[in-house]
Structure formats: structure tokens, C-alpha cells
1. Determine which member of the set ARG369, ARG340 is at pLDDT 95 or above, in contact with a helix residue (DSSP H, G or I) (Cβ under 6 Å, 6 or more places away or on another chain) and among the basic types (Lys, Arg).
2. Of the numbered conditions (1) closer than 24 Å to GLY170 by Cβ; (2) hydrophobic (A, V, I, L, M, F, W, C); (3) touching a Leu at 6+ places or on another chain (Cβ under 9 Å), LEU261 fails exactly one; give the number of that condition.
3. List, please: which pairs have Cβ atoms under 7 Å, are six or more places apart or on different chains, and start with a residue in region 78-98 that is farther than 22 Å from HIS260 by Cα and free of Cβ contacts under 8 Å to residues at least 60 places away in the same chain and end with one that is among the charged types (D, E, K, R) and part of a loop (DSSP other than H, G, I, E, B)?
4. When only residues in region 71-87 that are among the hydrophobic types (A, V, I, L, M, F, W, C) and under 30 Å from the mean Cα position of the chain (by Cα) count, which is surrounded by the fewest Cβ atoms within 10 Å (Cβ to Cβ)?
5. Go through region 373-406 and count every residue that is within 25 Å of the chain's Cα centre (by Cα) and either in a loop (DSSP other than H, G, I, E, B) or surrounded by fewer than 19 Cβ atoms within 10 Å (Cβ to Cβ) (or both).
6. Looking at region 59-91 only, could you name the residues that are touching a Lys or Arg at 6+ places or on another chain (Cβ under 7 Å), in a loop (DSSP other than H, G, I, E, B) and within 25 Å of ALA178 (Cα to Cα)?
7. Filtering region 307-345 down to residues that are surrounded by fewer than 19 Cβ atoms within 10 Å (Cβ to Cβ) and aliphatic (A, V, I, L, M), which residue is farthest from LEU108 (Cα to Cα)?
Amino acid sequence: MVVPTQGEADTVGDEDICYLSGLELRDHYRRRDLSPVEVTEAVLRRIELLNPHLTAFITVTPELAIEQARSAERAYAPGGEPSPLAGIPISIKDLTPTKGIRTTRGSLIDPDWVPTEDPPFVERVYAAGAVLLGKTNTPEFGWKGDSGNRLVGPTHNPWQHGKTAGGSSGGAAAAVSAGMGPLAQGSDGGGSIRIPAAFCGIFGHKPSFGLVPQYPSSVFGDLSHLGPMTRTVRDAALLLDVTAGADPRDRLSWSSDRNHLASCEGGIAGLRIAWSPDLGYAPLAPDVRRVATAAARRFEEAGCRVEEVKPGLERPDDIWWELWASGNAALHLHDLERVRDKIDPGRLPVIEFGQRLRGPEVAELQIRRNAYYHAMRGFMESYDLLVTPTMARTAFTAGDDAPTEIAGRPLEHPSDWSPFCSPFNLTGQPAASVPCGFDTQGLPVGLQIVGRWHEDSTVLRAAAVFEEIAPWADHRPPLDGETEYRA
């Protein structure tokens, strides 16, 4: 990667610039005391410094980034009309196609694919003036909760090298957490925005299904959602406003008349919040229970009524898992033997299990899924929000497909470590992860805020209020003080 020379800025100045939010950058650009080119150069230098240690990016696009930053700079000149994201750096997950830019999907099967068109999400951030930094790391076809693959290896957690950044949007989360761009695109078919957001101490929002159009369509169908990953709630709302809305290429997409950034303003007094530390069945690490419980109770400071509950719903892990396996199987229905040696060894059993499922069995899963959706809908009639821990534990070893224990206790069920995310892929409800503290190892803990059907604005407003009560954006991972990154 060719990075512009440093010029007048020093490394400490770079760090301060790189930890500004997107909205703060926009204010600086309007005042003309920072320029999009200056900021882009600083972020690119930071990527060059940190990415060899974190592996957040698979592909970096410095030439394109500088070109887009120069265009944004012209838009901020007197008489210009800057678009909403003009000059704000962003990364795109390497599952999402980008015209003319290598898109590996974390796989050896076609690692040099260069798409010939952009999907709606990318078109919209370009049209809004964003600066594309590159493509972030992901496991093969997004199959697991760690972002390792056989192309570049795993993404490391900025809070502790050797721990996972989560997955499948782990590269995106690590980049945002480490100051390598304030905005990132993630995708979430079973927690892939919220898992890494919780592990890396950032904000991640899984929008209501279809609010952000997805094209090409995911093989995982309506389990998969696209959404923002940022350090602040309002940055996520800004990115959501730019990327939300129906597109004819996604027949299930829809539009909202809500201004999500404006929705972050105002109070939440009187909201009814159901706090469930375990959904009635999930094991939980003691540190996570302690931190998340204290965080959930802080909504009372905002005038909310917080009630601890056990929703009494069936555990839906097997519904999600078998649908997920069937999607993985469909990807290789006709080429499994030809590409078998290129498939991630941990993913292969998932594919083989999915290919053994019969059509009526998959249809029955959808029937059970619909029943779960209606049971959850009925439960939510009594509450404005459901709050849970995002994860049952903090980050595990980077490169592992999944952890094997929680607080030293072996897992009884393969999904015990992540029981809180996939239910809301099944229902399509909006769900966000907010940072809410740290465990005794100094690893971030996330709190999940779940809204009713299509009520993203309520989730974002509650998250913004929590951010004001318990600010997190000024917490920086300790890598900034580790001299080996600068050796």
C-alpha cells in the first residue's frame, strides 16, 4: 500500500484525528479546520501501522480513497454542496461486492473476484460522498463468529491481541475500534454485526429486516441484514439514513419516513423495558451478568420502567442453525466435490449437514420460525424494548471457530456462547449492541437493545440515551500505547 507522506501531522495528531466521529469530522470540514484529504491520509497511515498486527482489512484502496477525499474537499469549498457523508471514511465488509475492487468473501474458492457492479449500499455511500478505505476481513462466506480465513488469517481484537474480534464482521469492528475509519458496513445473519461490536467495544445496529436493501440476495435469505458499525450511535443513525430505503433489486426491501439521526434526540422516560439476563435458558459468564445487569438498570436513570423477565419462549437455536446450514449447503449444491479442498475445514461439516436436510424439514423449520416470531411479537406487546446481554461471554481465542467453555464450564449446546443474537434474525426485529463495560480481563462487554417490529428509531433513541448516561466513545483500546506497533 502506498500511503501519502505525513506532512505536518505527527502520530499523536493522527490518533486524535482518527478517533473523531463521522459527525465531528463533518463539523470540522464545514469549519475548514480539517480537510477530507488530511483526515484520509491520517487514517491510511493508521491502517498501514496497525493492519499488519490486527488484520482488519483484506484489501485497502488508498488511491480511490484520496481521489474521493479530494472530491469531497471541493464540495466543502465556498459555494459547494457537500453530501451527508462527504469526506467521511468508511470500510465495506469483504462479503459485499464492490465494482472494480477485489472481493474475496474470505474464501479460497474465488479469491480474485472483481465484481462488475455495486450493490445499493455501496452506490448510496458513494453518492453521499463517503471515502472508501477498503474491504474488511470476514470468515469464508461469513459462516462463523470469528473472522479468520485461509487467505489472511484471523482478525485480532484491538483490546487484547490474540483474542478474536468476533465475526463475521470482525474486520469491520476491529477497524472502527482501532481508529481505522469511523464508519463501517457489516452484515448480520446470526449476530455478525452484534457479536464483533460487543467483543470490540463499539456500537453495531442490525436494522429491521429489509430496511437496508441487500443485493445480490443472500443465500441465507431473510436471516441476513446489512447495517452500520460505528463508535457512536449518531454515526450509525447517519449511515442508516443514507443507506435505508426500498430498492427494486431487493423485492423484500421497504422504506421508512423516519429520520433516524433526528430520532436519536429526546428522552425515553416512561418506556417499558424488559430486562432478561438469560432469556430463561442461556448460561452466562459471571462478569457479563454483573456488568450487563448494572448497565440495564441504568435505564431507570432515564425514567424507564425496567422489569426483569423470563419471556417463556422456546429456545430457537436449532431453528436458526438448521436454516443457516441449509444456506451453506445451497452454496455448494452443485460444486461441493470440485471445491471441497478449498473450503474452510470447520465449515465443511455444516455444509454436509445442510445437504442432508430434506425439503419438508426446511419447510417445517419455517413453520416453527413463524410460530416463534408470533410468540415474540406477543411478548413485546407489553414492552417497548427488550434488553439482554449481547453475548454470553467475552472474546475467545482468535482463529478458533468458536469457544468451548463459559467461565471454565464446558458448553452444553454449541450455541451457548451466542444465544442472544440469532433469535432476532429469525424475527427480523431491530437489535443493537452498545458497549457497557469490561470484564476482569479488560475485554469489552456488550448490552443488546431489541425493539418491536420496524421500530428502529426507538432502539436508536434508547441507545443514544444510554450513550449519554454511560459514555464509551472516549475509551480507546490499549494498542495505542504499545510500542511494538511503531517499531
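1. Details: ARG340 fails: in contact with a helix residue (DSSP H, G or I) (Cβ under 6 Å, 6 or more places away or on another chain).
Result of the check over ARG369, ARG340: ARG369.
2. Of everything listed in (1) closer than 24 Å to GLY170 by Cβ; (2) hydrophobic (A, V, I, L, M, F, W, C); (3) touching a Leu at 6+ places or on another chain (Cβ under 9 Å), LEU261 misses just condition (1).
3. Close Cβ pairs (under 7 Å, with a partner that is among the charged types (D, E, K, R) and part of a loop (DSSP other than H, G, I, E, B)) amount to THR98/ASP118.
4. So the first thing to find is which residues in region 71-87 are among the hydrophobic types (A, V, I, L, M, F, W, C), and the list is 72, 75, 77, 85-86.
Still in the list and also under 30 Å from the mean Cα position of the chain (by Cα): 72, 75, 85-86.
Details: ALA72: 25, ALA75: 16, LEU85: 26, ALA86: 25.
The selected residue is ALA75.
5. Going residue by residue through region 373-406, those that are within 25 Å of the chain's Cα centre (by Cα) are 373, 376-377, 380, 384-406.
With either in a loop (DSSP other than H, G, I, E, B) or surrounded by fewer than 19 Cβ atoms within 10 Å (Cβ to Cβ) (or both) added as a condition, the list becomes 373, 377, 384, 390-405.
Residues that pass the stated criteria total 19.
6. Result: ILE88, single match.
7. Going through the qualifying residues, I end up with VAL309.
Every residue, every condition in (1) modelled with pLDDT of 95 or more; (2) surrounded by 24 or more Cβ atoms within 10 Å (Cβ to Cβ); (3) over 13 Å from ALA463 (Cβ atoms), yes or no:
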{"position": "GLY189", "(1), (2), (3)": "yes, yes, yes"}
{"position": "ARG194", "(1), (2), (3)": "yes, yes, no"}
{"position": "PHE199", "(1), (2), (3)": "yes, yes, yes"}
{"position": "GLY210", "(1), (2), (3)": "yes, no, yes"}
{"position": "PRO216", "(1), (2), (3)": "yes, no, yes"}
{"position": "PRO228", "(1), (2), (3)": "yes, yes, no"}
{"position": "ARG231", "(1), (2), (3)": "yes, yes, no"}
{"position": "LEU239", "(1), (2), (3)": "yes, yes, yes"}
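The values are calculated or read from the model by the stated rules, or taken from the named source; none is laboratory data. Since the model is a prediction, treat every value here as computed from it, not as a measurement. Neighbour counts are summed over all protein chains in view; Cβ atoms, including those assigned to glycine, are modelled from backbone coordinates with ideal geometry.
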